[in-house]
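Beneath this line is the structure, given in structure tokens, with notes to follow.
The values are calculated or read from the model by the stated rules, or taken from the named source; none is laboratory data. Since we're looking at a predicted model, the values are computed, not measured. Neighbour counts run over all protein chains shown; Cβ positions are idealised from the backbone, glycine included.
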Amino acid sequence: MKFTISKDKLNSLVQKVLNIVPVRSTLPVLSNILLEADKDKVKMRATDLDVAITSELEADIKNKGSLTVPGRMFADLIRELPEGDVVITGVDKRIEVKSERGLYKIAGISADEFPRFPKIDFTDEVKIDTDVIKGMISKSIFAVSRDETRPALNGILWKCEEGLLTMVATNGHILAKVEQSGLDVKGIEKGVIVPPKALEYFSKLSVDAPDEIGLVFAADNLVLNLDNTILTTRLIDGPYPNFEQVIPKEHSKRAVFDKDEFLALVRRVSILSNNITHQIKLVFGAESIEAMATNYDIGGEGRDEIAMDYQGEELEIGYNANYLLEIMKHVETDQAVMEFTTGTAAAVIDSISHPENQDYCFLIMPLRLAE
Amino acid sequence: MHFSTGDKPKIKVLDETLINKIAAGEVIERPASVVKELVENALDAGAENISIELEEGGLRLIAIHDDGVGMLGEDLELAFTRHATSKLAKADDLFNILSFGFRGEALPSIASVAHVKAISRVKERDSGSEIEIDGGRVKGLKATGCPVGTSIIVSNLFYNTPARRKFLKSPRSELSRITDLVTSYAVGNFDVGFKISHNGRELYNFPPAAKLYERIIAIYGTDDIEKFLPLPGTDEGMFNQPGSILGYITHPVMAKSRSNETRFFVNFRPIMSRTLLAALRAGYHDKLAPNLYPPTAIFFNILPRDIDVNVHPAKTEIRFKNESELFPKLKRLVEHALKSGGVLTELSLNTDEAKPSGNGTQFIHAKRGNDFSKRTDMQESLYKGGFKEYGESSETAPSRESDIEKDGVDIHSGIEKPHESTEQRMWQFMDSFIVVPLKNSMLFIDQHNAHERILFEAAMENLDSGKGATQQMLFPISIDLTPGEFAIWNEYSEVLNRLGFETSEFGGHSILISGIPAEMDDKAPESALRRILDDFQEGGEFKDDPFKSIAASFACHAAIKAGQKLQYEEMEQIFNKLFACQEFNLCPHGRPIIARLTSQEVEKKFNRHVPIRD
Ligand SMILES: Nc1ncnc2c1ncn2[C@@H]1O[C@H](COP(=O)(O)OP(=O)(O)OP(=O)(O)O)[C@@H](O)[C@H]1O
Ligand SMILES: [Mg+2]
């Protein structure tokens, strides 16, 4: 293997795949990046066995070949090289990196030991606006559960029926649902569960991604095609809980208030909440929301209120303040809406209006008040 | 002199009823022992269906009906005579025992400490016979009409041995011993139907099953069935083949705090064995916490001459001739089942097996258990004993985690930080300890013990003064309880409610969890609840103080575990809460929470004997 490429190009390529290289791994070869030189392109691959990335760039190839190199060390070295062309040569199991005046050698592992990547069939690929997908991911990913005993909740449900793409995430206490119409992703009518890790990487990578990305679902994998970079992730086995069933359709009470005022209120009052339960009590009255919290450990308590537009009987209800804050941050309009019926069932939090083709809402379960 | 030297002989041969009473002390300890002996007799008689009626935990009544071969009138009388058995013809047979009984001791022993009525009929006769024994003495034999088979009715157990009666636990806890025991026999003899009722209420009814699998479903329900992992060859089910080891183990998430469902059978006889338990554990590697026991049903078929069952009066222990061969055999089978079930990977088994295979690992097939990433993390941090990445970030190469945090896409911080202090004050070590450097010492806080203490104090308060806060759930969880657990739940649901659990009856022996205490670690609340019920069943740790027992049990099972990765905020919360506790040095069971490494101790390791500065 031998090729020449500019330092800047090489650096951007390495940095892209480095994200996937596991910090620690029982399988030593996974700490490595696989380099492949073929015809007129260099490819780099990395995987942690859950997510795999392949990225490629044009280069001046002298000899074809492949080898793996320790990812972090290689990346550090490339980043520090002076500007100019770099010549990479594979000699036995070592790689030689030649800059204008320097020569570095790093021992690698044979490419045979690297996990094989699946062949991807792009015939069913759909193109989707990058910002749309990113927006949907960021509105749902925060609700993903961390409870490993409930694997299905450890990912985001993606489902596409009749041109409506839905993403849902829940940790059993809060739930986020985002919908976008006018999209036609094939093969996920029944829904698949995508682990968040790959989606996080995607959100990072997509900073300089093309306006549209390609999506393919194939054989238990989701493939994201960002032109020169392909991100593959395994999917999580279902079944996903029946989320439609828990979204209340009718409400007897509706509160409309200023989102930022509400955020500030909850932040202030929750400083004095129990620091494990984060319990905060909200009283929805005719013209105001009153928030209260008590922390017996420090002998502290707080009470404050903001104005609100409310329809319904007065209601007292407890919540985990952190969940409220997290959800409220994703409400996009200045006014937020909160709808509910009783103090023991899910409340729906929503923005006052939605952009065309898009819809979303959040659920939060109460933290029943201690008596 | 107080001694009389009268003309009566002082030494006499113990009369038979007395001998029986003494022997009964060994065999018949409690109601469950009576049930055990009678069930074994019914199984020995070839019964296809056994039904058991109980009252007051068996203390008032134990009645067992079977449809086995039955007894003739004269045999019925003999059966209650000591050392009368149809099962051992000559001494040689002691080394070839295939039946459960062989001593001819059980019936006379039972009859010496209770009122017993026995009714039996063989199929060759049109009518049966009935006999009553009171305090060991036969009161009469008469003909009676009855179906083929045998009924033994034992009432007022230990009426004549008040001391024995005193040692018994509450009827509830005696009942749960009986249901445990019968369930074991029902697993071991899945082709036989078992029915059991208590105070007129049917507890369970297992119809005869063709396959072990069906019996397991009958007992555990279908919810958890995919967590039962078969040992190789179990599906074909040659349970009668000498040398076979077949059955099911379970995914580690099923593990319980008591070993009563970790069942081993040798020739269909439930037995206990430290060796087998150790082999089972070895097979789970690091997937099983040392204080937990996975439910299992493992059947060993061993030639009678290769075992000795005559070691323990209750026959619950057994001696193997080839114990040293059995250990690695069982361990391998368990590993195999866990691998097929996706719990163990080749990687996690052994460091030298962990070398990559030459032809590369297929990515697309890499469909493992979902706890893969967590497992590798944990292993590595344990083996290398290194600090977690929090402390590791080197100046030159920012680690992936810190990158993500900078970009603000760290999904798992999910929760907003309580205050935006940028400086890190504590780290996690081995995923089990929170390390906090102070001015002149370094604190190691055991995360589990600490959280346990916090929860314990919160629970004590909630039990005392009303009710804890409940985080309600969008997706309530239903769990199938065993009859014993269900009875306990029924009795304690009010207490659970005070702790902050929200549970309700859900048909049969199932309950629905719709809310959990807000303080508890919300991972797998159903297993925590189960373990709490198991502890209640045992009667609790602090005999004098039931609230304390409940709070301790709740704290123990609801606390975060060792080996669990913590977010920075979680560490801070534990730290702050711990020092707000009344007692922060010891967990409710008396184990230490904090260890301290002083600067002098560290300096000493470097042979530096610097005077203490301030
Ligand atoms: N349910 C039954 N059906 C038919 N025969 C029975 C039944 N129960 C007992 N017997 C007969 O009575 C005998 C005595 O029973 P007992 O339980 O006292 O002794 P065992 O079973 O032979 O030995 P062990 O003391 O080890 O249990 C048995 O050997 C058997 O012949
Ligand atoms: Mg017997």
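Within region A:261-287, the set of residues being among the aromatic types (Phe, Trp, Tyr) and without any contact (Cβ under 8 Å) to a residue 60 or more places away in the chain comprises A:Phe284 only. Residues in region A:137-173 that are free of Cβ contacts under 8 Å to residues at least 12 places away in the same chain and either closer than 18 Å to A:Thr233 by Cα or among the acidic types (Asp, Glu) (or both): A:Glu148, A:Glu162.
Conditions (1) within 14 Å of another protein chain (Cβ to nearest Cβ); (2) within 28 Å of B:Ile477 (Cβ to Cβ); (3) among the basic types (Lys, Arg), marked per residue:
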site: A:Ile213; (1), (2), (3): no, no, no
site: A:Leu231; (1), (2), (3): yes, no, no
site: A:Leu235; (1), (2), (3): yes, yes, no
site: A:Glu244; (1), (2), (3): yes, yes, no
site: A:Pro248; (1), (2), (3): yes, yes, no
site: A:Arg254; (1), (2), (3): no, no, yes
site: A:Lys259; (1), (2), (3): no, no, yes
site: A:Leu265; (1), (2), (3): no, no, no
site: A:Gln279; (1), (2), (3): yes, yes, no
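Only strands (runs of 3 or more DSSP E) whose full extent lies in region A:1-80 are considered here, and the ones with at least 3 residues that are within 14 Å of chain B (Cβ to nearest Cβ) and aliphatic (A, V, I, L, M) are A:51-58. Residue count for region B:498-523 satisfying the condition of being buried (at least 17 other Cβ atoms within 10 Å of the Cβ) and within 14 Å of chain A (Cβ to nearest Cβ): 17. Screening region A:294-371 for strands (runs of 3 or more DSSP E) wholly inside it with 3 or more residues that are polar (S, T, N, Q) and closer than 30 Å to A:Ile133 by Cα returns no ranges.
The set of residues in region A:126-155 that are among the β-branched types (Val, Ile, Thr) and more than 10 Å from every other protein chain (Cβ to nearest Cβ) comprises A:Val126, A:Ile128, A:Thr130, A:Val132, A:Ile133. Counting the residues of region A:177-190 that are at pLDDT below 90, closer than 27 Å to A:Ile349 by Cα and of a type outside the set (A, V, I, L, M, F, W, C) gives 3.
Quickly run through region B:434-477 and pick out the residues that are of a type outside the set (A, V, I, L, M, F, W, C) and within 12 Å of chain A (Cβ to nearest Cβ).
Within region B:434-477, B:His451, B:Glu457, B:Glu461, B:Asn462, B:Ser465, B:Gly466, B:Lys467, B:Gly468, B:Thr470, B:Gln471, B:Gln472, B:Pro476 qualify.
Summed over region A:296-324, residues that are within 14 Å of chain B (Cβ to nearest Cβ) and either buried (at least 18 other Cβ atoms within 10 Å of the Cβ) or β-branched (Val, Ile, Thr) (or both) total 9.
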